[in-house]
Amino acid sequence: MANKCTYLTEELYNYLLAASVRPHAVLEELRQRTMELSMGHMQISPEQGQFMSLLIKLMRGKRTLEIGVFTGYSTLAVALALPEDGKIIACDVNKEWTDIAQEYWKKANVTHKIKLHLAPADHTLKQLIADGELEQFDFAFIDADKLSNDKYYELCLQLLKPGGLIMLDNVFMHYGVLKNDKADEVCEAIRQINLKLLHDVRVDISMLPMGDGVTLARKR
Ligand code: SAM
Ligand code: CA
């Protein structure tokens, strides 16, 4: 099959950023601060953050799930797009990183929209289900420990309203999906979930070559 995708050279990517990303002061500050960390590369790209904001606004989303907060960039991008009474359930296990997140959420005046749960995300999601929150959420961003993607996907699907959207991150795993190395557990898990979504009749999907690859899955 011919390659129908424009290969993003560094120059073209820089053009994309300059021609389309509208910098938000606090998001930019947080990006710079995060890039000083050894794991800074884990934060999503600016155009992906802006794309998430656009999706939330298009959907008129009010309640969202964030699985994997890190220093809070993607959570902040969503929070800024939510209405004043919008709510994010944000899941992570790392206090040090989420302390940075909370500092910047405060700076951006969005703390009232975010409830951080410092616990394994599957515990938090199962608790939401036990509390009667089935089909109460508009959007979920899954970007935590990749071996648990399938578990998070199934739990988020239960928590989403029909018409709600899951965004699954790192679906290319830095080209790892192309290597057929069964010993690489993470790449194998990503390949498996990608295959599962391809055939999953409960959702409509689109896989996009943005960042490290994202799949959008809309609950039918
Ligand atoms: N979405 C973030 C951003 O845009 O900056 C990046 C998230 S980073 C790739 C993955 C995060 O998942 C880390 O902060 C890590 O602490 C968290 N994590 C790892 N295992 C987890 C678990 N079992 N439950 C919840 N979060 C977990
Ligand atoms: Ca990611």
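None of the figures in this text is laboratory data; all of them are computed from the coordinates on show. Everything numeric in this text was worked out from a predicted model, so none of it was measured. Reconstructed Cβ throughout: ideal geometry from the backbone, glycine too, with neighbour counts over all protein chains shown.
Report, by chain and number, residues whose modeled amide H sits under 5 Å from the one on Ile88, excluding near sequence neighbours (fewer than 5 apart, same chain).
Thr64, Ile114, Lys115
Suppose only helical runs count, i.e. DSSP H with n ≥ 4. What mean residue ellipticity at 222 nm does that imply for the chain under -39500 (n - 2.57) per run, divided by all residues and rounded to the nearest 500 deg cm²/dmol?
Using -39500 (n - 2.57) per qualifying helix, the result is -13000 deg cm²/dmol.
Using the count of nearby Cβ atoms within 10 Å as a rough guide to exposure, how do Ile205, Ile67 rank from fewest to most?
Fewest-to-most ranking of Ile205, Ile67: Ile205, Ile67.
Rank the residues Trp105, Trp97 as a footprinting-exposure proxy: fewest other Cβ atoms within 10 Å of their Cβ go first.
Listed from fewest to most nearby Cβ atoms, that is Trp97, Trp105.
Cα gyration tensor of the chain, axes a ≥ b ≥ c as square roots of the eigenvalues: rounded (a/c below 1.5), prolate (a/b > b/c) or oblate? Walk me through the intermediate numbers first.
On the way: a/c = 1.38, a/b = 1.06, b/c = 1.31.
Because its axes are fairly even, with a/c under 1.5, the chain counts as rounded.
Restricting to bridges with both residues inside the chain, how much of the DSSP beta-bridge set is antiparallel, in percent to the nearest 5?
Around 35 percent antiparallel, to the nearest 5.
Obtain the nm distance between the two label points defined at Met210 and Asp99 by a simple spin-label model: each point lies 7 Å from its Cα along the Cα-to-C-beta direction.
Distance between label points: 3.3 nm.
When Phe51, Phe137 are ordered from fewest to most other Cβ atoms inside 10 Å of their Cβ, what list results?
Working: Phe51 21, Phe137 25.
Sorted ascending by nearby Cβ count, the order is Phe51, Phe137.
Among DSSP beta bridges lying fully in the stretch 117-220, give the percent that are antiparallel, nearest 5.
Just about 70 percent of them are antiparallel.
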